[in-house]
Amino acid sequence: MQVPLAALTSPLRATLIGADATIDRVITDSRLARPGDLFVPLVAERDGHDFVAAALAAGATAALSGAAPTIWGSTTTPACCWWPTPGRR
């Protein structure tokens, strides 16, 4: 099912940064990234935010994150949903 990122911003109380894009699936493993993916970095044994740039480089269309997009290390400006989390980077 294709979903526009803009449709996710209100229910997630997120801010859309960049142009709207269509998402086909949600992933949490940056190694599986492909065009149409929304990468959601999880924080567990490793901090998934460390892999946002890798997911985008591998083709993910966007990322949903509580960390500021400026820390991702990407040289492009992908579409992303970002929700600010107090005390997070």
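Comparison of 41, 35 shows that the only residue that is assigned to a loop (DSSP other than H, G, I, E, B) and open to solvent by less than 20 Å² (accessible area, probe 1.4 Å) is 41. Condition check for residue 15 on (1) closer than 14 Å to residue 65 by Cβ; (2) more than 12 Å from the chain's Cα centre (by Cα); (3) of a type in the set (S, T, N, Q): one failure, at (2).
Of all residues in region 1-16, those satisfying the criterion of being over 13 Å from residue 61 (Cβ atoms) and touching a residue at least 24 places away in the same chain (Cβ under 8 Å) are 9, 12, 13, 14, 15.
Residues that are assigned to a helix (DSSP H, G or I), open to solvent by 40 Å² or more (accessible area, probe 1.4 Å) and either of a type in the set (Asp, Glu) or touching a strand residue (DSSP E or B) at 6+ places or on another chain (Cβ under 7 Å) (or both) within region 7-32 comprise 8, 12, listed in sequence order.
The values are calculated or read from the model by the stated rules, or taken from the named source; none is laboratory data. These figures come from a predicted structure and were not determined experimentally. Note: ideal-geometry Cβ built from the backbone for every residue, glycine included; neighbour counts use all protein chains shown. Just so you know, the surface numbers come from the protein's heavy atoms only, side chains and all, with ligands and any DNA or RNA stripped out. Shrake-Rupley method; radii C 1.70, N 1.55, O 1.52, S 1.80 Å.
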